[in-house]
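Each remark here refers to the structure printed beneath this line.
The values are calculated or read from the model by the stated rules, or taken from the named source; none is laboratory data. Just so we're clear, the structure is a prediction, and the values are computed from it rather than from any experiment. Cβ placement follows ideal geometry from the backbone for every residue including glycine, while neighbour counts extend to all protein chains displayed. Areas reflect the complete protein model, heavy atoms only, side chains present, ligands, DNA and RNA absent. Shrake-Rupley method; radii C 1.70, N 1.55, O 1.52, S 1.80 Å.
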Amino acid sequence: AAKEKGRNQFHIFDPGLDAHRRQRRDQLMQISQALENEEFELYFQPQVRMVDCQVIAFEALIRWNHPDKGLIGPVEFLPAVANSHLEIPLGQWVLKEAIHQMNLWHEADESLAVSINISAPHLMDRSFADYLESYLHSHPDVRPGQITLEVLESTALEDTKRASNVLARCQSLGLQVALDDFGTGFSSLTYLRTLPVDVIKIDQSFVRNMLTDASDRAIVESVIFLAQRFDHPVLAEGVETMEHARALRDMGCNLIQGYGIARPMPAKALLPWLAQWRDQVSRHQSLGKHEQTS
Ligand code: C2E
Ligand code: MG
Ligand code: MG
Ligand code: MG
């Protein structure tokens with residue numbers, strides 16, 4: 001009887017849920033169409049090393065150029081894609097496009113590296129490293145060491161053993177692995193211990209208020225300490241001001257990323273931006289040398 005009851009409850013008509021399902025299905029159809037129509041675009045945001053202010057990589061961040069609605073950010077469409085049949089194809093498009101862009105930039109600058117966000121199903125896919133390898137084969141100018149895979153710390157991985165095998169294979173190809181949004185999930189420390197990780201990214205929600213909020217500051221300091229103990233470089237996200245950058249440097253943070261350096265930009269803006277950034281840095285450095293000698 002209890003079983004019967006459970007089954008009946010499951011079938012209770014819920015117009016809200018139904019509307020929600022229909023909406024998601026419509027959105028998925030639009031996204032699938034958009035993928036075919038090439039309406040997606042990668043933007044790129046620089047990641048900077050604190051000791052010498054050099055740009056070490058650009059993080060690829062997906063955008064949707066919607067014909068009617070204009071530019072749409074990932075928080076508006078990735079949730080619909082999550083756990084759908086489109087998650088793998090969209091992720092593969094991102095990988096291919098990022099590697100393709102890197103290949104184009106390398107004609108001007110061979111040092112450019114890219115950091116790519118990877119969603120959970122890829123990490124459950126044993127052939128992930130294989131197709132990654134095949135994309136790399138078709139772009140011989142791109143070295144695997146110039147690619148970092150950003151793995152979301154907050155995604156509940158069904159099978160961390162399998163995920164670590166997939167990531168370890170990627171590392172054996174030469175790729176780097178970053179643990180993204182560190183501290184926001186339920187099992188940060190378990191992931192840190194189980195997954196093969198090269199870089200830790202402190203989530204921007206801790207960085208944002210760390211100058212005024214003592215507990216956020218304590219979290220940022222502790223993550224940096226933890227990263228150092230594990231010998232992992234640590235990157236702080238969401239660095240919006242010079243004060244944030246200075247405080248992070250004083251805490252021993254290695255890398256920063258945020259609007260304070262640059263907002264994510266379209267691919268074509270990247271080389272001009274980089275030239276300008278390097279120019280500024282070298283001017284500052286020669287100014288610094290001047291001050292030291294005089
Ligand atoms: P994320 O990987 O943690 O990326 C950082 C997000 O913070 C980006 O938002 C970036 O634009 C934003 N951001 C960077 N600096 C600042 C700052 O100083 N202040 C503030 N307030 N925000 C800053 P975006 O581009 O909207 O992406 C949101 C999330 O969507 C990403 O978080 C990532 O988890 C996901 N995502 C984006 N692109 C992709 C992709 O190609 N594949 C996958 N699987 N996920 C992606
Ligand atoms: Mg990321
Ligand atoms: Mg992040
Ligand atoms: Mg995030």
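Model label sites at Ser187 and Ser111, defined 7 Å from Cα along the beta-carbon direction, differ in position by 4.0 nm. On the basis of the beta-carbon distance and an R0 of 51 Å, Glu158 and Asp279 show a calculated FRET efficiency of 0.60. Per-residue surface analysis assigns Arg169 an accessible area of about 90 Å², computed on protein heavy atoms at 1.4 Å probe radius. Loop-located chymotrypsin sites (Phe, Trp or Tyr not before Pro) in the range 158-196 (DSSP state other than H, G, I, E, B) with a sparse environment of at most 14 neighbouring Cβ atoms within 10 Å: Phe186. Note on Lys69 and Tyr135: with the Förster distance fixed at 25 Å, the Cβ-Cβ geometry gives a FRET efficiency of about 0.25.
The lysine pair tally for the chain, using Cα distances under 30 Å and a gap of 8 or more places or different chains, is 7. By a 1.4 Å probe calculation restricted to protein chains, Thr212 has an accessible surface near 130 Å², given to the nearest 10. Ordered from largest to smallest accessible area (heavy atoms of protein chains, 1.4 Å probe), the residues Trp64, Trp273 come out as Trp273, Trp64. Computed extension gain for Asp26 through Gln228, at 0.36 nm per residue and net of the alpha carbon distance, reaches 68.1 nm. In the chain, inverting the average of 1/r over every pair of distinct C-alpha atoms gives 21.0 Å as the Kirkwood radius. Ranked by the mean number of other Cβ atoms within 10 Å of their residues, highest first, the peptides 197-203, 241-247 fall in the order 197-203, 241-247. Derived from the Cα gyration tensor, the three semi-axes of the equivalent ellipsoid of the range 168-294 are 28, 20, 15 Å, largest first.
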